[in-house]
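See below for the structure under consideration.
The values are calculated or read from the model by the stated rules, or taken from the named source; none is laboratory data. Given the structure is predicted, the values throughout are model-derived calculations rather than measurements. With ideal geometry, Cβ positions are generated from the backbone for all residues, glycine too; neighbour counts draw on all protein chains shown. Accessible surface areas use protein heavy atoms only, side chains included; no ligands, DNA or RNA. Shrake-Rupley method; radii C 1.70, N 1.55, O 1.52, S 1.80 Å.
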Amino acid sequence: MKKSNNIIIRYIILATIGFLLHFTYDWSGQNNIVGLFSATNESTWEHLKLLFFPMLFITIWDSLRGNTSPGFLKRRIMSIIAGMVVIVVMFYTALGVTSRLMDWYNIATYLISLLVTLLLDKFITVEDNLYSAYTALALFILFTVAFAVFSFKAPDIGIFYPFPAGTKCFPIV
């Protein structure tokens with residue numbers, strides 16, 4: 001029972017943090033430091049931050065508290081990447097089917113991806129070795145730097161294009 005309570009509590013806390021990070025950039029008067037870890041626009045890329053940074057914060061928290069097990073970092077980064085893939089797939093699937101972005105669906109996408117991330121982190125097993133721990137740490141650093149850089153210097157690629165929610169994104173042929 002304790003393990004299921006723990007995942008529910010984490011889910012609620014992380015979902016709340018992710019929701020708040022969607023708005024903190026604007027609330028801060030578009031402060032660039034806040035924009036490093038908050039969504040700065042309505043692009044798919046910026047919405048990935050809403051999953052990544054709360055999970056990074058809980059990873060640091062778990063590490064400081066010694067709440068780790070063999071393969072901890074590898075399992076965590078694999079779970080986060082899987083959750084981010086869920087966001088991308090669900091976002092572009094809905095966009096392709098409806099040619100619209102719907103706020104309720106974006107919220108559901110985030111909640112589903114967070115649930116997938118937490119469940120994978122809790123239940124998958126990975127082989128632990130020093131190489132995988134260093135690789136996982138390098139991926140955490142790489143994603144953190146990429147989110148910081150691409151938030152303000154985004155390449156001209158679709159995942160970085162901001163879409164206004166609720167509007168038609170392209171005509172249905």
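So how do 32-39, 13-20 stack up, highest first, on mean other-Cβ count within 10 Å?
Top to bottom by mean Cβ count within 10 Å: 32-39, 13-20.
Under 8 Å for C-alpha pairs, at least 6 residues apart: give me the relative contact order for segment 1-121, rounded to a whole percent.
That works out to 26 percent.
Using the eigenvalues of the Cα gyration tensor, what equivalent ellipsoid semi-axes result for segment 72-173 when each is taken as the square root of five times the eigenvalue, whole Å, largest first?
30, 18, 10
Normalised radius of gyration for the chain, please: alpha carbon Rg relative to 2.2 N^0.38 Å, two decimal places.
1.06
Please give the length that would be gained between ILE7 and VAL149 if that part of the chain were fully extended, namely 0.36 nm times their separation in residues minus their C-alpha to C-alpha distance (nm, one decimal).
The span from ILE7 to VAL149 would gain 47.9 nm if fully extended.
Please calculate how many Å² of accessible area the chain carries per residue, with a 1.4 Å probe and no DNA, RNA or ligand atoms counted.
Computed with neighbouring chains in place, this is 56 Å² per residue.
Once neighbouring chains are kept in place and the probe is 1.4 Å, which whole percent of the accessible area of the chain is contributed by carbon and sulfur?
72 percent
Normalised by the number of residues in segment 74-173, what is the relative contact order in percent for Cα pairs under 8 Å and 6+ residues apart?
After rounding, I find 46 percent.
Compute the orientation-averaged projected area for segment 1-87 from the convex hull of its Cα atoms and round it to one decimal in nm².
Averaging across all directions leaves 6.3 nm² for the Cα convex hull.
What distance in nm separates the simple spin-label points at VAL97 and LYS122, each placed 7 Å from Cα in the Cβ direction?
2.6 nm
What nm value, rounded to one decimal, do you get for the distance between THR16 and ASN31 when each label is placed 7 Å out toward the C-beta?
The answer from the label model is 2.1 nm.
Would you mind calculating the relative contact order of segment 18-80 from Cα pairs under 8 angstrom and at least 6 residues apart, reporting the percent as a whole number?
Here the relative contact order equals 26 percent.
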